[in-house]
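The values are calculated or read from the model by the stated rules, or taken from the named source; none is laboratory data. Here the structure is a predicted model, which means the values were calculated and not measured. Neighbour counts are summed over all protein chains in view; Cβ atoms, including those assigned to glycine, are modelled from backbone coordinates with ideal geometry. In case anyone asks, the SASA skips ligands and DNA or RNA and just uses the protein heavy atoms, side chains included. Shrake-Rupley method; radii C 1.70, N 1.55, O 1.52, S 1.80 Å.
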Protein chains: 2
Amino acid sequence: MKALVTVMPKPSVLDPQGAAAAEAMRHLGMENVGRVRIGKLIEIELPDGADEARLNEISRDLLSNPVIEDFEVKIVNR
Amino acid sequence: MKALVTVMPKPSVLDPQGAAAAEAMRHLGMENVGRVRIGKLIEIELPDGADEARLNEISRDLLSNPVIEDFEVKIVNR
């Protein structure tokens, strides 16, 4: 099975990388671009029947920083 | 409208960040984890009717490095 973990900066947290990308996009001809936020997309190959609860814990403790980021785990094929 | 741009390392390219995450997951009790790849997820707020062709060019030229990364642009709401 395959899991996709998305990790995004929390809406209340400053995202300087996203702000820089938005500024660059404005200079490159997309003047009306709004907010840009940059997070991580983590693709994990797992044996079928892997422990999804453990995967959730690892996503929280290892793959994201819950102080400043939200994460979501999605199983894409079993 | 909102666009989601995903940028992932090409399958043939070494992803040391992903390899380190896989190794750490094995130490944390998921011994059977397979390949892990870490990419970027970029969330872009745009005015309705924004130029999607231009967004594609910018995703290729600014948001990704086409030598080592693949990108995909998805419009999630209009």
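Counting only other chain Cβ atoms within 10 Å of each residue's Cβ, the peptide B:31-37 averages 6.
The alpha carbon convex hull volume per residue for chain A rounds to 99 Å³.
What number comes out for accessible area per residue over region A:2-77 if the probe is 1.4 Å? Units Å², please.
Values: 4030 Å² over 76 residues.
That works out to 53 Å² for each residue.
Under the simplified labelling scheme, the B:Ala20-B:Asn56 pair shows an inter-label distance of 3.5 nm, with each label point 7 Å from Cα along Cα→Cβ. Association of chains B and A removes close to 2600 square angstrom of accessible area from solvent, both sides included, for a probe radius of 1.4 Å.
Using a 1.4 Å probe over the heavy atoms of the protein chains, calculate the carbon and sulfur portion of the accessible area of chain A as a whole percent. Carbon-and-sulfur percentage of accessible area, whole number: 51.
Peptide A:56-63 shows a mean partner chain C-beta count of 3 within 10 Å per residue C-beta. Against the main long axis of the alpha-carbon atoms of chain B, helix B:16-27 sits at an angle near 50°. Once the Cβ-Cβ distance of B:Lys10 and A:Lys74 is raised to the sixth power relative to R0 = 25 Å, the FRET efficiency obtained is 0.65.
Near the amide H of A:Glu69, within less than 5 Å, lie the amide hydrogens of A:Lys10, all on another chain or at least 5 residues away, with H placed in the peptide plane.
Please compute the alpha carbon radius of gyration of the protein assembly as shown, then divide it by the globular-protein estimate 2.2 N^0.38 Å. Two decimals is fine.
1.10
With each run of n ≥ 4 DSSP H residues scored as -39500 (n - 2.57), what mean residue ellipticity at 222 nm is computed for the protein assembly as shown after dividing by its residue count and rounding to the nearest 500 deg cm²/dmol? Mind dumping the intermediate values first?
On the way: 4 runs with 38 residues, N = 156.
Taking each H run of at least 4 residues, the total per residue is -7000 deg cm²/dmol.
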